[in-house]
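The values are calculated or read from the model by the stated rules, or taken from the named source; none is laboratory data. Here the structure is a predicted model, which means the values were calculated and not measured. Cβ: placed from backbone, ideal geometry, glycine included. Neighbour counts: every protein chain shown.
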Amino acid sequence: MAGEIILGYDGLEGSKVALASATGVAAAYGCPLIIVFGYEPNPLGGEVKDLRDAVRAVGDKLLAEAEEAVHAINPNVTVIRELVGDRPAEALLRAGDEHDALAIVIGSADHGPLRGALLGSVTYQVVHRSTRPVLVVPVPDKD
């Protein structure tokens, strides 16, 4: 199917805020919402397979929770969960291309450009490398 909305989800505050917006966009367009969790642990020593399996299990749990949250907002939105064995930005970009997505929705915790550049911000990478629209949803200030 083509024309889905892709949501990057990692269970952090930014992705939870983005989930609500992505649900609204998917409902407005009457299309499925594909929730993507990208995982690829850095293979620095230890049992890489065990680490990968543990991260995959966390991703499964987070995606199930995200699907429940979507249906709490709008039970009519079709949800597809995808665990993608790649770094998060790569996973989102690949999912966008594979599904010919209308848009990619991603949260931003607004850590600032320097920190994002140093740490390899997923939001920064997706915005600058995507060939399709990207909706960045900011986390509201806590006053």
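Miscellaneous remarks
- Filtering the stretch 70-93 for residues that are at pLDDT below 95, farther than 21 Å from Val137 by Cβ and not hydrophobic (A, V, I, L, M, F, W, C) leaves a non-empty set.
- Residue match in the stretch 10-18 (condition: surrounded by 14 or more Cβ atoms within 10 Å (Cβ to Cβ), in a helix (DSSP H, G or I) and either among the polar types (S, T, N, Q) or on the phi > 0 side of the Ramachandran plot (or both)): yes
- The stretch 67-103, residues that are in a helix (DSSP H, G or I) and crowded, with 18+ Cβ neighbours inside 10 Å: Glu67, Val70, Pro88, Ala89, Ala91, Leu92, Leu93, Ala95, Gly96
- Only one of Gly14, Gly24, Gly45, Gly59 that is of a type outside the set (S, T, N, Q) and modelled with pLDDT of 95 or more: Gly24
- Positions within the stretch 27-42 being assigned to a loop (DSSP other than H, G, I, E, B) and modelled with pLDDT of 95 or more, in sequence order: Gly30, Cys31, Pro32
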